[in-house]
Structure formats: C-alpha cells, structure tokens
Amino acid sequence: MTRLEIILSALLSISIVLNIGLIVYVRTAILQLLSVSEELGDLQEMVNSFSDHLQSIYQLEMFYGDQTVKGLLEHALSFNEQLATFEYIYSLTEEEGESRTNDNEEEEADTEET
C-alpha cells in the first residue's frame, strides 16, 4: 500500500466512525424530543380537562358569581393559553385528526367565554 492509500483508508475509517456517531446522536436527540412532545401533549390535555371541570363547577348555581372560583377559572384559562404556545412541540406526536378535534374544542371554549 502506498502512503496515499493509507491516508485515504484512515480518512475513510474516521469518516465512517463519525457518521455512525452522528446517526446515533441524532436518533437519541429525536427520541428525546418526541418524549418531551408527548409529555407536553399530556400536560395540555390535563390542563384542558382541569379548565373544563372548573368551568362546569363555576356554572353551578351554588358557585355562580363566586369571585374565588372565577379567579381560579381565569387563571386556569390563562395557563391553558400560555401552554398553547408550545403547540408546535406537542403537535409533533399528535395525529392530524386529534389536532383538529382539539382545535375545535378550543374554539368552542373561546365562544362560550364571550
């Protein structure tokens, strides 16, 4: 083997090792991103459920007009809106049909508030 062949073989070996390392790193990063995306989606569902439950409690005759419950409801809804800013992350793992269903539910909740 000539010196050029040895250098090219070494460079090829280094390139292969670096490419394999890069593939493993990218795969791990994507899996972590998808895991975070699923967790944020679950958190969004929990906040939606909490807001809906709190709104149903506020609409009960016993609690209607209660300022504490009203403040808690407003706080839950503002938290829900803030969490919606991360939709681009948790929508990575949602299927298209689920995303449309959630959008429709949010629009209905917005119209009920006004």
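Every number in this text was worked out from the coordinates using simple rules, so none of it is lab data. Please read these numbers as outputs of a predicted model, since none were measured by experiment. As a convention, Cβ positions derive from the backbone with ideal geometry for all residues, glycine included, and neighbour counts pool all protein chains shown.
Just one of the numbered conditions (1) part of a helix (DSSP H, G or I); (2) in contact with a Leu (Cβ under 7 Å, 6 or more places away or on another chain) is not true of residue 14; which one?
(2)
Give segment 58-71 a look and list any residue that's exposed (fewer than 15 other Cβ atoms within 10 Å of the Cβ) and in a helix (DSSP H, G or I), or say none.
Passing the criteria: 67, 68, 70, 71.
Within segment 67-85, count every residue that is over 15 Å from residue 53 (Cα atoms) and in contact (Cβ under 8 Å) with a residue 24 or more places away in the chain.
2
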